[in-house]
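Chemist: Can you keep this structure in mind? I'll have questions shortly.
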Amino acid sequence: MTAFLLRRLIQAAAVVLVMSLLVFLGVFAVGDPIEILISPEADQFERERAVKALGLDLPLWQQYLVFLGNALRGDLGRSFVFNEPALKLILERMPATLELAIGATVAALIIGLPLGLYAGLKPNSPVSKGIMATSILGFSLPTFWVGLMLIMVFAVQLGWLPSTGRGETVTILGMRWSFLTRDGIAHLIMPALNLALFKISLVIRLTRAGVRETMLMDYVKFARAKGLSPARVTFVHVFKNILIPVVTVVGLEFGGTIAFSVVTESVFAWPGMGKLIIDSINVLDRPVMVAYLMMIVLLFITINLVVDITYSLLDPRVRLEGKQ
């Protein structure tokens with residue numbers, strides 16, 4: 001297990017280094033922030049002073065080395081617009097995005113697993129066919145349209161839920177959280193469901209496919225032949241074995257949920273990292289853009305590492321295959 005973990009850590013470090021270069025080059029190619037940050041009426045002397053103050057007068061390779069050296073010390077640069085550390089701005093918005101992503105993931109599991117399990121156990125029933133047909137909508141409907149429809153129905157017409165914002169928050173360990181208040185949960189429900197729509201459909205189909213495949217295995221047939229109850233066969237022998245692909249996909253999708261929550265945060269005016277990156281792109285705030293993308297890269301790598309470790313614990317054959 002130690003050798004397996006060491007190999008994954010070395011691979012993760014290499015990926016972070018390569019991605020830092022790609023992110024830096026990609027953001028550099030977006031445009032010149034001076035054109036937006038400096039008034040068109042400024043003279044050449046003022047423009048040159050601003051370029052030097054922001055460190056944009058150095059060659060690209062030297063800018064990257066400076067960024068890399070600072071990043072190793074935990075400094076991802078200062079925002080051109082807010083004049084604050086970019087990492088601080090992102091960490092202030094991260095709890096809101098994490099709440100949204102965790103809420104969406106939990107909703108996907110709570111809704112998707114039972115529906116997928118039922119559809120797998122009774123594939124020919126009308127209810128199962130309806131579940132599978134409905135799951136197609138989750139893949140097909142645009143996120144922004146679903147968000148607008150949720151606001152129209154549940155906020156405007158029925159008045160059950162608030163339409164925008166994060167609601168009341170409480171501060172724990174220096175971070176603001178809304179899921180601990182009743183008003184915060186009310187604000188969280190619609191954006192979390194909107195973000196979870198694709199994941200619910202994915203979990204339903206993945207669970208159904210896993211159940212159909214596992215039901216044909218010899219150990220399940222043997223368990224039935226021993227006279228075990230259907231509930232025991234389902235939850236002990238079937239459900240446990242379909243958790244491996246579900247854990248893998250949900251873990252990887254959690255990173256994607258955070259990275260691509262931009263649309264949901266924009267529709268529901270949710271003050272998370274997605275809203276921050278959209279505002280930063282509009283003004284070409286390079287440090288915030290780079291810091292955000294690097295945080296997403298680190299998040300994906302960490303999630304992949306956790307999924308690999310969890311996968312190896314659930315299935316020891318993964319560790320054995322890695323030694324070959």
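The values are calculated or read from the model by the stated rules, or taken from the named source; none is laboratory data. Everything quoted here is computed from the prediction, not taken from an experiment. Ideal geometry is used to build each Cβ from the backbone, glycine not excepted, and the neighbour counts take in all protein chains shown. Remember, those area values only see protein heavy atoms, side chains included, never the ligands or the DNA or RNA. Shrake-Rupley method; radii C 1.70, N 1.55, O 1.52, S 1.80 Å.
Chemist: Condition test on Ala291, is it of a type outside the set (D, E, K, R) and modelled with pLDDT under 80?
Modeler: Here the answer is no, as Ala291 does not meet what is asked.
Chemist: Report yes if Gly147 is surrounded by 18 or more Cβ atoms within 10 Å (Cβ to Cβ) and either among the hydroxyl-bearing types (Ser, Thr, Tyr) or touching a residue at least 12 places away in the same chain (Cβ under 8 Å) (or both), otherwise no.
Modeler: Here the answer is yes, as Gly147 does meet what is asked.
Chemist: Restricting to helices (runs of 4 or more DSSP H) lying wholly in the stretch 216-280: which have 2 or more residues that are farther than 29 Å from Ala186 by Cβ?
Modeler: Qualifying helices (runs of 4 or more DSSP H): 218-225, 239-259.
Chemist: Pairs, please: C-beta under 9 Å, at least 6 apart or cross-chain, first residue touching a residue at least 24 places away in the same chain (Cβ under 8 Å) and open to solvent by 40 Å² or more (accessible area, probe 1.4 Å) and in the stretch 156-171, second among the aliphatic types (A, V, I, L, M) and in a loop (DSSP other than H, G, I, E, B)?
Modeler: Ser163/Ala269; Thr164/Ala269
Chemist: Confirm whether Leu115 is out of contact with any His (no Cβ under 6 Å at 6 or more places or on another chain), open to solvent by 20 Å² or more (accessible area, probe 1.4 Å) and within 27 Å of Thr207 (Cα to Cα).
Modeler: yes
Chemist: What are the pairs, 6+ residues apart or on separate chains, where a residue within the stretch 44-69 that is on the phi > 0 side of the Ramachandran plot has its Cβ under 7 Å from a residue that is at pLDDT 70 or above and in a helix (DSSP H, G or I)?
Modeler: Pairs that qualify, where the first residue is on the phi > 0 side of the Ramachandran plot and the partner is at pLDDT 70 or above and in a helix (DSSP H, G or I), are Gly55/Gln63; Gly55/Val66.
Chemist: Would you please name the residue that is nearest to Leu293 (Cα to Cα), looking only at residues in the stretch 1-24 that are at pLDDT below 75 and surrounded by fewer than 15 Cβ atoms within 10 Å (Cβ to Cβ)?
Modeler: It comes out as Leu5.
Chemist: Another question about this same structure. Look at Ile296 and say whether it is within 30 Å of Ala71 (Cβ to Cβ) and not aromatic (Phe, Trp, Tyr).
Modeler: Answer is yes for this residue.
Chemist: Ok, one more. Can you pull out every residue in the stretch 156-177 that is assigned to a helix (DSSP H, G or I) and touching a helix residue (DSSP H, G or I) at 6+ places or on another chain (Cβ under 9 Å)?
Modeler: none
Chemist: Could I ask something else about it? What are the residues in the stretch 118-127 that are free of Cβ contacts under 8 Å to residues at least 24 places away in the same chain and open to solvent by less than 60 Å² (accessible area, probe 1.4 Å), if any?
Modeler: Across the stretch 118-127, the qualifying residue is only Ser125.
Chemist: Please find, among Arg176, Arg212, the residue that is touching a residue at least 12 places away in the same chain (Cβ under 8 Å), open to solvent by 50 Å² or more (accessible area, probe 1.4 Å) and more than 18 Å from Gly103 (Cβ to Cβ).
Modeler: Sole residue among the options that is touching a residue at least 12 places away in the same chain (Cβ under 8 Å), open to solvent by 50 Å² or more (accessible area, probe 1.4 Å) and more than 18 Å from Gly103 (Cβ to Cβ): Arg212.
Chemist: Take the residues in the stretch 178-215 that are of a type outside the set (A, V, I, L, M, F, W, C) and not in a helix (DSSP H, G or I), then tell me which one is modelled with the highest pLDDT.
Modeler: In this case the residue turns out to be Thr181.
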